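In what follows, a structure is listed as structure tokens, so that the remarks can point back to it.
The values are calculated or read from the model by the stated rules, or taken from the named source; none is laboratory data. Just so it is clear, the structure is predicted and the values come from calculations on it, not from any experiment. Cβ atoms come from the backbone with ideal geometry, glycine included; neighbour counts cover every protein chain shown. Side chains included, ligands, DNA and RNA excluded: accessible areas come from the protein's heavy atoms. Shrake-Rupley method; radii C 1.70, N 1.55, O 1.52, S 1.80 Å.
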Amino acid sequence: MNETVAPGGAELRARAEIDLAAVRANVRALRERAPGAAFMAVVKADGYGHGAAPCARAAVEAGATWLGTATPQEALALRAPGTGVPDDVRIMCWLWTPGGPWREAVEADLDVSLSGMWALDEVTRAARLAGRPARVQLKADTGLGRGGCQPGDDWAELVAAALRAEAEGLIEVTGLWSHFACADEPGHPSIAAQLTRFREMVAYAEGRGVDPEVRHIANSPATLTLPESHFDLVRPGIAMYGVSPGPEIGTPADLGLRPAMTLSASMALVKHVPGGHGVSYGHHYLTPGATTLGLVPLGYADGIPRHASSTGPVLVEGKWRTVAGRVAMDQFVVDLGGDEPGPGAEAVLFGPGDRGEPTAEDWAQAAGTIAYEIVTRIGTRVPRVYVDDGNDGNDGDDGDEGSVT
């Protein structure tokens, strides 16, 4: 893999290296878990921090036929010219608020999710203005208690109104769907209860005349562990980036996945300090003796969690170090124990673990959070460097090796 430098030849302060071959391989591995279902690659939140458009393209190359986003703005960005996303790929978005860009979504041929009557009213008005039917998917709240329509009278009202709008040529009901609350906890009683409720709500809608293209409820953990939940389509998110949905599901290696992001930085300074020297704000770390300190130019403005102060792991010249003291806005310090790597030496915060470096899960444990948050929160000050070693079984595709965004 060639070293990538920033425009103008300057070394990058920090980089989030995204392995697109790993993304494609992960999509293929996940598709093997659900061979009878279509695959929606979820690329919300800028592809969980990995870059929505490059990862969307990689997923489509690996067989995804749908893309999923949270907001309509994310979906519309993927439909924009120049993204490289094929026009025939379906794109669904599900997090709407009143006054959203309904007409733009209809004209862009997006699938939009409806959880209640207000959303149906807004999308039908947009369809009239656009002069074409809207593609809509009805979301059922089967027990997550978040988005989605409640079972019973609310669901019956929404289904009936959607069928009337469909008869008027204003919408096409393309999907019925829901979302799990605890699929990352195998055996949790809510899983079976939600599956039963979903089947009941789908049966009700279909019994009244809804004829959806897809029915879906399986997220990453359900795709990996619950074949009975696969229905017509699965919606992996975090797993397609090679991050496990949770420790109870297994490590990435256990699941046949490879983490796609490696976060590293160039050491900005290495210096000698005496024992008892305070480090960073509040002096929560005092050097136990004479030592060397290394300055890593990443901080919470870049997405490094402040909750990992004094606990976050970093690999420097083959050795694990720990954040010394508080993570600041732009930088943090590691105690190098007397070692003297030169300025510009690589500090690896997390990656696949091939070189003994920490993983996103290690950082999650250090910060008391989940690995989803670790990769997703890496900020825009950190360039994404896209590499593709071609070792995903897709011969002849050199991808975006060395590109920087």
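Considering region 264-321, the residues that are in contact (Cβ under 8 Å) with a residue 40 or more places away in the chain and of a type in the set (Phe, Trp, Tyr) include one that is least open to solvent (accessible area, probe 1.4 Å), namely 285.
Those strands (runs of 3 or more DSSP E) of region 296-405 in which 1 or more residues are farther than 26 Å from residue 26 by Cα and modelled with pLDDT of 95 or more occupy 313-316, 319-322, 332-335, 346-350. Here residue 271 fulfils each of the conditions (1) within 31 Å of the chain's Cα centre (by Cα); (2) among the basic types (Lys, Arg); (3) more than 27 Å from residue 385 (Cβ to Cβ) apart from (1).
Somewhere in region 255-262, is a residue over 25 Å from residue 44 (Cβ atoms) and either open to solvent by 10 Å² or more (accessible area, probe 1.4 Å) or of a type outside the set (Ser, Thr, Tyr) (or both)? Taking every residue of region 255-262 in turn, none turns out to be over 25 Å from residue 44 (Cβ atoms) and either open to solvent by 10 Å² or more (accessible area, probe 1.4 Å) or of a type outside the set (Ser, Thr, Tyr) (or both).
Among the residues of region 111-162, those identified as open to solvent by 20 Å² or more (accessible area, probe 1.4 Å), assigned to a loop (DSSP other than H, G, I, E, B) and closer than 20 Å to residue 208 by Cβ are 115, 133, 150, 151, 152.
Residue-wise test of (1) part of a helix (DSSP H, G or I); (2) open to solvent by 10 Å² or more (accessible area, probe 1.4 Å); (3) under 18 Å from residue 219 (Cβ atoms).
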residue	(1), (2), (3)
50	no, no, yes
60	yes, yes, no
86	no, yes, no
92	no, no, yes
100	no, yes, no
105	yes, no, no
109	no, yes, no
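Being outside any loop (DSSP other than H, G, I, E, B) and open to solvent by less than 20 Å² (accessible area, probe 1.4 Å) is the filter here, so list the residues in region 68-84 that pass it.
Correct list: 68, 69, 72, 75, 78.
Evaluation of residue 251 against the conditions (1) more than 30 Å from residue 237 (Cβ to Cβ); (2) open to solvent by 60 Å² or more (accessible area, probe 1.4 Å) shows that the sole unmet condition is (1).
Could you please let me know if residue 337 is among the small types (Gly, Ala, Ser), open to solvent by 10 Å² or more (accessible area, probe 1.4 Å) and within 16 Å of residue 265 (Cα to Cα)? Reasoning before the result, please.
Working: among the small types (Gly, Ala, Ser): yes; open to solvent by 10 Å² or more (accessible area, probe 1.4 Å): yes; within 16 Å of residue 265 (Cα to Cα): no.
No.
Taking region 47-84 as the region of interest, how many residues are within 12 Å of the chain's Cα centre (by Cα) and in contact (Cβ under 8 Å) with a residue 40 or more places away in the chain? Counting residues in region 47-84 that are within 12 Å of the chain's Cα centre (by Cα) and in contact (Cβ under 8 Å) with a residue 40 or more places away in the chain gives 7. Considering every residue within region 168-180, establish whether at least one is within 30 Å of residue 61 (Cβ to Cβ) and out of contact with any strand residue (DSSP E or B) (no Cβ under 9 Å at 6 or more places or on another chain). No, every residue in region 168-180 fails to be within 30 Å of residue 61 (Cβ to Cβ) and out of contact with any strand residue (DSSP E or B) (no Cβ under 9 Å at 6 or more places or on another chain). Among the residues of region 13-31, those that are open to solvent by 20 Å² or more (accessible area, probe 1.4 Å) and either part of a strand (DSSP E or B) or touching a residue at least 60 places away in the same chain (Cβ under 8 Å) (or both) comprise 13, 15, 17, 19, 25, 28, 29. Can you find even one residue in region 267-283 that is closer than 30 Å to residue 30 by Cα, of a type in the set (A, V, I, L, M, F, W, C) and at pLDDT 95 or above? Scanning region 267-283 turns up no residue that is closer than 30 Å to residue 30 by Cα, of a type in the set (A, V, I, L, M, F, W, C) and at pLDDT 95 or above.
For region 191-241, a tally of residues being among the hydroxyl-bearing types (Ser, Thr, Tyr) and either at pLDDT below 95 or open to solvent by 10 Å² or more (accessible area, probe 1.4 Å) (or both) returns 3.
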